[in-house]
Amino acid sequence: GTIVFNGGKITAQGSTDRNGAGGGAAFGGGRGASNNDIKKMKIVVNGGILNKSGLKSVAAIGGGQNGGGGTVQINGGTLNLTTYSGAVIGNGWDGNKNYTNITINGGTLNLNAATSGYAIGSDNATVKITGGTISITCTSDAIEANESIAVADGTITIHSGKDGLHAENDEDNA
């Protein structure tokens, strides 16, 4: 299905399972969603204020633990998002082989991957940035995509423990 945010202020945490492990994303998919389900999921942010803090192993926007991020399109709004061991925008923890397609056209994004995980993307992602103001703090790669990363415009500030932008695909024959 499709989730569209056009305005308002929403604060969410995601969910945990009965043992306290990661469950569903704050805005997006559930734990361990199949690639077929993930390819049907689309999240569009046109405006508003989205806040997420707390819980480990789940993405703020995208996939729950072991789940991919689906399609995420950010056109505007203010996003203040923090995760612990899941991508901020993308896959939940251990969901890296799943489908993720991220497009950022605008907005103000304050992203913090506090302990591990990428700020934007996943190992199996496509990331496209055409605008917006993005501030990233993370301990891992800030923007990660094995498929591709394309940046056409916008202002991006990165404080990363590893690479700022990292695109690597062992299957490329170039």
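The values are calculated or read from the model by the stated rules, or taken from the named source; none is laboratory data. The structure displayed is predicted, hence computed values, not measured ones. Heads up, the Cβs are rebuilt from the backbone with ideal geometry, glycines too, and the neighbour counts pull from every protein chain shown. Note: accessible area is taken over every heavy atom of the protein model, side chains too, but ligands, DNA and RNA are not part of it. Shrake-Rupley method; radii C 1.70, N 1.55, O 1.52, S 1.80 Å.
Below is a table of values for the structure above.
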item	result
Pair GLN73, VAL44: separation of 7 Å Cα→Cβ label points (nm)	0.5 nm
For Rg and Dmax of the Cα atoms in Å, calculated from these coordinates, the label among (i) 14.9, 46; (ii) 14.1, 46; (iii) 19.6, 65	(ii)
Average accessible surface area per residue within the chain, 1.4 Å rolling probe, Å²	43 Å²
Computed E for ILE3/THR103 - FRET, C-beta separation, R0 22 angstrom, nearest 0.05	0.90
Unsatisfied cross-links (Cα-Cα over 25 Å) in the set LYS39/LYS128; LYS42/LYS162; LYS9/LYS39; LYS9/LYS162; LYS40/LYS162	LYS42/LYS162; LYS9/LYS39; LYS9/LYS162; LYS40/LYS162
Label-to-label distance, nm, for residues given as THR11 and ASN169 (7 Å Cα→Cβ offset)	4.1 nm
Accessible carbon and sulfur surface of the chain relative to its total accessible area, %, 1.4 Å	43 percent
Burial order of peptide ranges 66-74, 40-48, 102-110 (average beta-carbon count within 10 Å, highest first)	66-74, 102-110, 40-48
